[in-house]
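Working notes, beginning with the structure itself.
Quick note: the coordinates plus some simple rules give every number you see, no bench work behind them. A quick note: this is a predicted structure, and the numbers were derived from the prediction, not measured. FYI the Cβ positions are ideal-geometry reconstructions off the backbone, even for glycines, and counts take in every protein chain you see.
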Amino acid sequence: MWRGAVGRLLRGSGAGSPRAASGSAVAQLRRRLESELEDIRGAGTWKSERIISSRQGPHLRLEGGGAGILNFCANNYLGLSSHPEVIRASVEALEKFGAGLSSVRFICGTQSIHKDLEEKIARFHQREDAILYASCFDANAGIFEALLTPEDAVLSDELNHASIIDGIRLCKANKYRYKHMDMQDLEAKLQDAQKHRLRLVATDGAFSMDGDIAPLREICQLAQKYGALVFIDECHATGFLGPNGRGTDELLGVMDKVTIVNSTLGKALGGAAGGYTTGPKPLIDLLRQRSRPYLFSNSLPPAVVGCASKALDLLMESNAIAQSMAAKTQRFRSKMTAAGFTISGKDHPICPVMLGDARLAAVMAEDMLNRGIYVIGFSYPVVPKGKARIRVQISAVHSDEDIDRCVDAFTQVGRKHGALP
Ligand code: PLP
């Protein structure tokens with residue numbers, strides 16, 4: 001009897017045993033998760049994923065949805081995700097340098113291609129040095145904690161990307177949140193922050209929900225007045241904003257005034273994955289010593305490095321791709337405005353078609369897909385209540401006919417659902 005009880009305990013069976021207890025904990029967890037999932041469905045904010053069975057590009061094949069779907073919702077701004085030279089460079093890097101490093105950078109995860117890409121990124125942005133991460137989410141998660149102490153302050157635009165918000169949460173600096181692109185509010189917060197040792201203003205260069213561009217000239221002027229540094233996240237700008245695609249700082253003529261740039265390799269620069277910080281050499285040196293997502297995560301795979309490296313070569317050879325995207329953006333924005341739609345932002349390939357009502361945005365996006373145009377509706381909590389929209393993203397590889405087909409479909413769907421008279 002005694003032996004039997006001990007045996008049951010060791011095997012974990014029987015009521016009150018550790019395994020039974022853990023079984024009921026799992027059941028409790030399941031109930032909690034199901035109820036949370038139900039809440040998300042009930043709130044109408046469930047995000048379902050469509051399955052693509054072709055390469056990324058302007059024309060897609062969707063599983064169950066047929067071929068020839070026109071894609072207007074990728075961050076593939078320059079169309080480099082499926083560029084033949086980008087793919088070839090990736091295959092070559094894979095063959096020469098292998099599938100991956102099975103190591104973080106500082107143990108045995110640094111290859112010549114990583115150093116070459118970092119040097120190329122710094123040259124592209126005209127900065128002193130650069131450091132690679134597995135993603136820009138990681139670059140944003142790693143910089144604030146490494147750079148700022150409780151003696152310092154960070155001032156962040158309220159609509160900054162989630163990864164900047166999370167990165168700032170991880171650091172112990174004093175935190176100020178200024179109203180979106182509101183320079184009066186930023187100035188008031190900078191005055192308040194004078195008591196701290198170092199001040200860092202952090203902003204998206206281009207904001208992905210509205211396609212609006214941070215007033216970097218004014219931000220840099222305020223930063224100069226109050227002895228602050230400026231950090232920008234250029235995920236929706238690198239490769240295509242500015243005369244040579246260097247980004248928002250080039251567009252607004254403040255490349256020499258912005259100290260730190262974080263950006264992604266996962267959007268315009270080939271679209272594979274990866275992120276980076278570029279800026280002063282001592283900062284990059286410090287990040288290699290202290291930045292946790294860099295220190296404790298695997299090196300970028302060679303195939304991914306190959307893609308990004310070739311994408312940068314193409315952009316440094318010529319600004320023709322970036323210019324062609326700007327012309328397509330202009331075509332879409334002006335035709336949609338003429339058709340009676342309100343497009344938020346200015347001159348950016350993110351073109352939010354403002355609809356207001358969440359249901360209308362969802363129904364119209366669905367109807368657009370029925371007509372072979374893939375766009376996504378965004379509503380609360382991703383954007384403020386009453387500001388639902390369909391976000392259209394233009395790519396250099398859309399043809400004029402693609403753009404016109406999209407505008408025609410919007411016009412028909414808008415009339416059908418009452419968004420247009
Ligand atoms: N910052 C901004 C503004 C973004 O839009 C994104 C991606 O959506 C990120 C950072 C994260 O970039 P990554 O996909 O390289 O992690």
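How many percent of DSSP beta bridges within the range 84-317 run antiparallel, rounded to 5? Walk me through the numbers before you get to the answer.
Details: 11 of 29 bridges.
Antiparallel bridges make up about 40 percent of those DSSP assigns within the range 84-317.
When the expected Rg is taken as 2.2 N^0.38 Å, what fraction or multiple of it is the alpha-carbon Rg of the range 353-392?
Details: Rg = 9.4 Å, N = 40, 2.2 N^0.38 = 8.9 Å.
Compactness ratio reported: 1.05.
Remind me, relative contact order of the chain in percent, using alpha carbon pairs under 8 angstrom and six or more residues apart? Walk me through the numbers on the way to the answer.
Working: 821 pairs, mean separation 82.8, N = 421.
Relative contact order comes out at 20 percent.
Over the Cα atoms of the chain, what is the Rg over Rh ratio if Rh follows Kirkwood?
Ratio value, two decimals: 1.03.
Listed here are the pairs K172/K225; K225/K257; K47/K385; K267/K385; K179/K328; which of them are more than 21 Å apart at the Cα? Could the numbers behind the result be given before it?
Details: K172/K225 25 Å; K225/K257 12 Å; K47/K385 17 Å; K267/K385 28 Å; K179/K328 32 Å.
Beyond 21 Å: K172/K225; K267/K385; K179/K328.
For the chain, give the share of DSSP beta bridges that are antiparallel, in percent and rounded to the nearest 5; count only bridges with both residues there.
55
Quickly estimate the mean residue ellipticity at 222 nm for the chain, helices only: each DSSP H run with n ≥ 4 gives -39500 (n - 2.57), and the total goes over all residues, rounded to 500.
-14000 deg cm²/dmol
Taking the Cβ-Cβ separation of K179 and R19 as r and a Förster radius of 51 Å, what is the calculated FRET efficiency to the nearest 0.05?
The value I calculate is 0.40.
Can you compute 3J(HN,Hα) from phi for each residue in the range 406-411, using the Karplus curve 6.51 cos²θ - 1.76 cosθ + 1.60 with θ = phi - 60°, rounded to whole Hz and x for Gly and Pro?
Ordered by residue, 3J(HN,Hα) equals 5, 4, 4, 5, 4, 4 Hz.
Leaving out same-chain residues fewer than 8 places away, which aspartates and glutamates sit with a Cα under 19 Å from that of K115?
Straight-line reach from K115, under 19 Å: E92, E95, E128, D129, D138, D285, D313.
Are there any trypsin sites (Lys or Arg not before Pro) in the range 305-410 that are in a DSSP loop and have at most 11 other Cβ atoms within 10 Å? List them by number.
K346, K385
I'd like the distance separating the alpha-carbon centroids of the range 81-133 and the range 370-412, in whole Å.
34
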